[in-house]
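To keep things clear, I will list the structure first and then write my remarks on it.
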Amino acid sequence: MKTTGLPILNIIVFLPLAGAIICLLLPSASWSSTSLRRSSWSTGRPAPAPGPVSTLGPAGIVGLVVALLELAFVIFLVIDYPTSGHAAGFQFVSRHSWIGAFGIDWSLGVDGISLFLVAMTALLFPIAMFGPTLRGNSRAFMGWMLLLEAACMGTFLSLDLFVFFVMFEITLVPGYFLVAGWGGARRNYAAMKFFIYTFAGSAFLFVAIIALVVLAAPRNGGHQTFDLITLARIAGSLPHADQVLIFCGFAVAFAVKIPLVPFHSWLPDTYTEAPTAGSMILAGILFKLGAYGLLRLGIYVVPVGAADMAPVLLTLAAVGIVYGSLITIMQKDLKRLVAYASIVDVAFIVLGFFAFSSQGVTGGVLEMVNHGLTTGAIFFLVGIVWERRGTLRFSDLGGLQKSMPIMAAVFLAVVMSAIGLPGLNGFVGEFLVLVGTFATHRWWAVVATVAVITAAVYMLWAYQRVFHGPVLNPANDAVADISWRELAVVAPLLVGIVFLGVYPRPFLERVTPSVNYLLDRVEQAAPNAHVPKTHNVTYSLPANQDVRGGPPGAAGAASASGSGGAGSGGSSGSVPSAAGSTPGSATASAGGSK
Amino acid sequence: MNAAYLIPALPLIGAIVLLFGGRRLREPLSGWLATIMAVGSFVATVIVWVSLLGKQASARSIDKNIFTWVPVNSLHVNAGLQLDPLSILWCLFVTGVGSLITLYSIGYMHGDPSFSRFFFLLNAFVFSMIVLVLADNYLFSFFGWEGVGFCSYGLIGFWFDRDTAAVAAKKAFVTNRVGDYGFMIALFLLFQHFGSFNYRDVLHSHLSGSFATGLALMLFLGAVGKSAQIPLYMWLPDAMEGPTPVSALIHAATMVTAGVYLVARSAPIIHFSSAAQWTISIIGAATALLAATIACNQNDIKRVLAYSTVSQLGYMFLGEGSGDYGAGIYHTVMHAFFKALLFLSAGAVIHALHDEQNMKRMGNLRRYLPITFPAFMIGFLALAAIPPFDGFWSKDAILAAAWHKSPALWAVGVLTAFLTAYYMTRQVVLVFFGQSRWFDHAKERGAAGDHHVYEAGGVPHEAPATMTVPLVILAAASVLGWLLDAPFGGLDFINKWLAPLFPPTVAPAFSVATGTKWLIGLVSVAFALAGLASGVAAWRRAVDRPRLEPAVLEHAWYIDEGVSRTVAGPLTRMANTFSFVIDGRLVDGLVRAVSGSFAASGRQLRRVQTGYVRNYALGISAGAVIILFYVSLRAGS
């Protein structure tokens, strides 16, 4: 297991949180004008169309510094992540007892699957925060965004089901306020729908987690534990039906969050009404929380349930791809079309996961990152069109390429990534998902491949109606092209899109070992799940992470493999006092790193 | 052999420079840059070719691995090049014809505000096409395959402010994607069966008949999309919305032959399946005939050539399906010469008449275009398969193979040859002979405010040297190119060159008796001459002959319209239903119903909380009675 002197994962989670608190503490005098105070979300009645605010007020500076610092830490993490030795387990693990009585640990770790989700989050947040023109209260906006970033990071990095659940739920709050505070005309309806729908789904997650913990306790020497690795080890010995039910609880919660057809109807409203930054983050990252949960909690912890329910999820995914494609084609609004297209993309992710082949799952993980880059970029570009034109209805647009040629080129590149043009990231992910699915579930893949055609139809038709054709509406005649600043903002996403398409190897090399390890687990737990044996490598895992044959009880709640004495001391100090833990008992650092 | 890397690298560099710096380079510098890169690529190809010539026939293959593209466990795909006789042959004419057309475009695109964008796309196209043919595995070929599709999209829709161009571009891409569906399924089958996409691994194993049929048909579906065969040919005529050099390069000489390449490359798979071979030859023959009938009645100078391209591609597949890959490839190369020549000449005509494309408004142009006219005539004779021009020899080889496969296929081929000669004669007569009809129309357009037409005094003018030089070179190739594979005197270079790729185990040798060969040749010449004569007879004096121009042919048998009405219409309605009825009302409606029921039950329950103590007391006592009743029942039993 890889550790460093720095408690890097704790820093990654707490840095944005600290930034959010600083934003909150900033004096209100720093708001740019009094008229804006009335338009803040807290009044619940924003003033109509407040003017754009200079993003770089005091809150903006804090946000920028924190977001970029966060990005720097994450880049450091990616560079430092081991590639050799087939490292498959969690790295940089940091574990501190938090609420000891219930077996709840503050426990973080990163593996190949979460590594790039963390990287994508760190990349997308500064872009979403500083790319689109901000209207309204910048202090609150920066605060919510940083809180959201912290919660997302926490979800991706947590190795404790309680921490996961808390982080997962916290994301809803900033998500709600971002839509309700800075959204479009029907923002309140959309925000409420988003919140209630996903919160209802979370009830299933909560029940499943509690059920798992309670059922597992007798098999863990009577100790309750929320530790992911321990639970994963124990879950296999639970009765078959229990495992399936627990998995179903996870699946429903995450299916709403992802969302899988038929749980998707909150999505178009939310994405369409959200502000540009909100759509970028919601589509780019919040989606992935659900997909990631399905992988980390669903497949990893209860592989038997996952294997049993795989046909259902595969079918939902395949249906979602065809159904989503059909309804996407006919959309009359650019932003709504992009929102619906997301349903198709995430269905691909689920399809790849439950194919249980290493290509499929790796492709699914890559699709998660791809979708973040591509959809983030698309929503950003759509936001630019909206800022310039004030409408996104296809009937009002057309011929924009004439006045915005560079914008048209950038948009086309992103559209091609969404269509899956080889050489861009979308293709690699889509192809791996399909080839992996075909190997195990041929006919599902044959159906899903239809998206190759339909994606071209709806994306190119949309592109044509926005950028091509004669200029019929005089308002489209002299639209300002994308500015240098906007180009610089979108450039990192474009670089990612091209890089992952041309040279995905560094990505795949880090993801594949973790995926193989996961699939080994599925194969062991459910030998009839037809997991194709695709590798002959044994993966090195830290002893306390080997959920198959590790010493029983050794990896229990009390054991800790901290991230070095100095590091754990520092991080324990930053555990928020609100959590009710006393710092003295919180630290259980053995300092022992393998 | 590091020149191998230069073949794809030079156009790629050109494309990247033009993408980022094209606006600064401007006209004509960006055009020259693109031309130099394409020519450099051609030179590098020639160097590799010469070095391969120096080797033993069996050792003529160089592998160059560039980097590992997609490694996931057993799936390991390299971005690698394989330079063997087949790929180098394709590369030679792709870069050769590509260079000439890039040069020609400098003149043709003169004055276009998006001059640099055009040359970016041309270089990107040449790069993608090179990757397609040089790749050492199916997946990397697919990279190039989609790349050319993208460039074609960009080039057809180059004049994006025309609605027709934008629609045609989308149509081309989507139709190609239908074919790509087949290609992708084939890729999945390859991976599942071989665990590899490498030509080296895939093409040397024994396959069962049914698997080979499925795989070959899926690959052929890809080829059908890219090479515009039945039923996916509709995009190609519409693709003529692009600038004429694009029509010449992409939609005649190179990209559309990618399907022919794919089938030739997959020959070791196809030969395990007789069903696939029959499918390929029947589709080829049927497409050849169908497109030829439609071409007889088009009035747009480019649409005639577009349909003739579809028809000639059908011939190529007919040859390949009949087992004579050499003949199909021979025709591909010859076709690249003469069809590029025809399109570029047509471009010169259009240029001379200031964007007039209707043949009925041309006529008598032979007096004004001293270089274009003979060039077009040479292309015409080659396409009409009049000996000794290019088309005759390659078409003859295909017809011999078709005869060997089935006399019915041969008969279709000969009938098509007659029609080909007829519609090309009609075109030549209408454009270059007869009365000058352009003058009146030019006047009309001038009166309508199009002063551009009058700048040159109203008289058509010959194109600049950048445009005529490629014409002359291509004309020479169309006259002499057939010597590359002449059926006598030991001149069959292409067949000898490709022999290692199509050993008798893959393409069993067949022999057609010498007498039969002569007969086949004579019959096809007779049919071609008959077509030529009837064309002259019909169109020498008249411009409009309603009886020879039935509307059904002008509308291409109404197939396109019919498909739009019977398939696109219901599909659109279905999608509309899904979007706004099922998704909007049913799925979301259910959700709203659930939330509504919560709200409603909340409203109902609120009535219970009246605030009156007597009501609560009533409730409590009623509950207590029920519980007591229940408990006493349980206790009693």
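The values are calculated or read from the model by the stated rules, or taken from the named source; none is laboratory data. No experiment lies behind these values; they were computed from the predicted model shown. Heads up, the Cβs are rebuilt from the backbone with ideal geometry, glycines too, and the neighbour counts pull from every protein chain shown. Ligands, DNA and RNA are stripped out before the accessible areas are found, and what is left, the full protein with its side chains, is counted by its heavy atoms. Shrake-Rupley method; radii C 1.70, N 1.55, O 1.52, S 1.80 Å.
Quick notes on this one:
- A single entry from A:Leu15, A:Leu77, A:Leu64 fulfils the requirement of being within 23 Å of the chain's Cα centre (by Cα), at pLDDT 85 or above, part of a helix (DSSP H, G or I) and surrounded by fewer than 18 Cβ atoms within 10 Å (Cβ to Cβ): A:Leu64.
- Residue within the stretch B:323-333 that is part of a loop (DSSP other than H, G, I, E, B), surrounded by 24 or more Cβ atoms within 10 Å (Cβ to Cβ) and not small (Gly, Ala, Ser) present: yes
- Scan the stretch B:234-264 for residues that are out of contact with any Ser or Thr (no Cβ under 6 Å at 6 or more places or on another chain) and open to solvent by 10 Å² or more (accessible area, probe 1.4 Å) and the total you get is 2.
- Unique residue being open to solvent by 10 Å² or more (accessible area, probe 1.4 Å) and of a type in the set (Asp, Glu) when the list is B:Asp163, B:Asp180: B:Asp163
- Being of a type in the set (A, V, I, L, M, F, W, C), open to solvent by 30 Å² or more (accessible area, probe 1.4 Å) and in a helix (DSSP H, G or I) holds for only one residue in B:Phe125, B:Phe67, B:Phe120, B:Phe142, and it is B:Phe120.
- Test: residue in the stretch B:211-229 that is within 14 Å of chain A (Cβ to nearest Cβ) and on the phi > 0 side of the Ramachandran plot: no
- Index of the failed condition, A:Gly364 passing every other in (1) part of a helix (DSSP H, G or I); (2) more than 14 Å from every other protein chain (Cβ to nearest Cβ); (3) not hydrophobic (A, V, I, L, M, F, W, C): (2)
- Condition broken by A:Arg465, with the remaining ones in (1) open to solvent by 20 Å² or more (accessible area, probe 1.4 Å); (2) of a type outside the set (A, V, I, L, M, F, W, C); (3) more than 10 Å from chain B (Cβ to nearest Cβ); (4) over 27 Å from the mean Cα position of the chain (by Cα) satisfied: (3)
- Of the set (1) away from chain B (no Cβ under 14 Å); (2) within 21 Å of A:Val302 (Cα to Cα), all apply to A:Ile113 but (1).
- Among the residues of the stretch A:425-462, those that are under 30 Å from B:Asp163 (Cβ atoms) and more than 8 Å from chain B (Cβ to nearest Cβ) comprise A:Gly426, A:Ala451, A:Thr454, A:Ala455, A:Tyr458, A:Met459, A:Ala462.
- In the set B:Phe67, B:Phe142, B:Phe120, only one residue is closer than 29 Å to B:Glu27 by Cα, within 14 Å of chain A (Cβ to nearest Cβ) and not charged (D, E, K, R); that residue is B:Phe120.
- Residue match in the stretch B:184-196 (condition: facing chain A (nearest Cβ under 9 Å), open to solvent by less than 10 Å² (accessible area, probe 1.4 Å), under 14 Å from the mean Cα position of the chain (by Cα) and aliphatic (A, V, I, L, M)): no
- Test: residue in the stretch B:76-90 that is over 16 Å from the mean Cα position of the chain (by Cα), more than 17 Å from B:Ala44 (Cβ to Cβ), modelled with pLDDT under 90 and aliphatic (A, V, I, L, M): no
- Look at the stretch B:579-598: where a residue is among the polar types (S, T, N, Q) and a partner is surrounded by 15 or more Cβ atoms within 10 Å (Cβ to Cβ), sitting 6+ places away or on another chain with Cβ atoms under 6 Å, you get B:Ser579/A:Ile327; B:Ser579/A:Met330.
- Filter result for the condition that a residue is of a type outside the set (Gly, Ala, Ser), out of contact with any helix residue (DSSP H, G or I) (no Cβ under 8 Å at 6 or more places or on another chain) and under 24 Å from B:Glu320 (Cβ atoms), over B:Leu519, B:Leu498: B:Leu519
- Among the residues listed as B:Ser524, B:Ser534, the single one being under 24 Å from B:Leu381 (Cβ atoms), open to solvent by less than 60 Å² (accessible area, probe 1.4 Å) and within 28 Å of the chain's Cα centre (by Cα): B:Ser524
- Residues within the stretch B:493-515 that are closer than 24 Å to B:His335 by Cα and in contact with a Gly (Cβ under 8 Å, 6 or more places away or on another chain), tallied: 5
- Across the stretch B:70-103, the number of residues qualifying as within 9 Å of another protein chain (Cβ to nearest Cβ) and either surrounded by 24 or more Cβ atoms within 10 Å (Cβ to Cβ) or in a helix (DSSP H, G or I) (or both) comes to 3.
- Selected residue (criterion: surrounded by the fewest Cβ atoms within 10 Å (Cβ to Cβ)) from residues of the stretch A:167-185 that are under 10 Å from A:Gly278 (Cα atoms) and under 16 Å from the mean Cα position of the chain (by Cα): A:Gly175
- Residue match in the stretch A:258-265 (condition: more than 21 Å from the chain's Cα centre (by Cα) and either assigned to a helix (DSSP H, G or I) or farther than 23 Å from A:Tyr176 by Cβ (or both)): no
- B:Ile494 falls short on exactly one of the conditions (1) touching a strand residue (DSSP E or B) at 6+ places or on another chain (Cβ under 6 Å); (2) farther than 17 Å from B:Ala327 by Cα, and that condition is (2).
- Restricting B:Trp497, B:Trp518 to residues that are open to solvent by 90 Å² or more (accessible area, probe 1.4 Å), away from chain A (no Cβ under 14 Å) and at pLDDT 85 or above narrows the list to B:Trp518.
- Residue identified as open to solvent by less than 10 Å² (accessible area, probe 1.4 Å), out of contact with any helix residue (DSSP H, G or I) (no Cβ under 6 Å at 6 or more places or on another chain) and at negative phi among A:Val415, A:Val385, A:Val319, A:Val344: A:Val385
- B:Ser114 vs. criteria within 14 Å of chain A (Cβ to nearest Cβ), open to solvent by 20 Å² or more (accessible area, probe 1.4 Å), of a type in the set (Gly, Ala, Ser) and more than 26 Å from A:Leu432 (Cα to Cα): yes
- Helices (runs of 4 or more DSSP H) fully within the stretch B:160-233 that include at least 3 residues being closer than 30 Å to A:Gly398 by Cα and at pLDDT 90 or above: B:163-194.
- Residue count for the stretch A:388-410, restricted to those that are open to solvent by 10 Å² or more (accessible area, probe 1.4 Å), within 23 Å of B:Phe158 (Cα to Cα), assigned to a helix (DSSP H, G or I) and touching a residue at least 12 places away in the same chain (Cβ under 8 Å): 9
- For the residues B:Asp180, B:Asp161, the requirement of being farther than 23 Å from B:Ile16 by Cα, out of contact with any Lys or Arg (no Cβ under 8 Å at 6 or more places or on another chain) and within 7 Å of another protein chain (Cβ to nearest Cβ) singles out B:Asp180.
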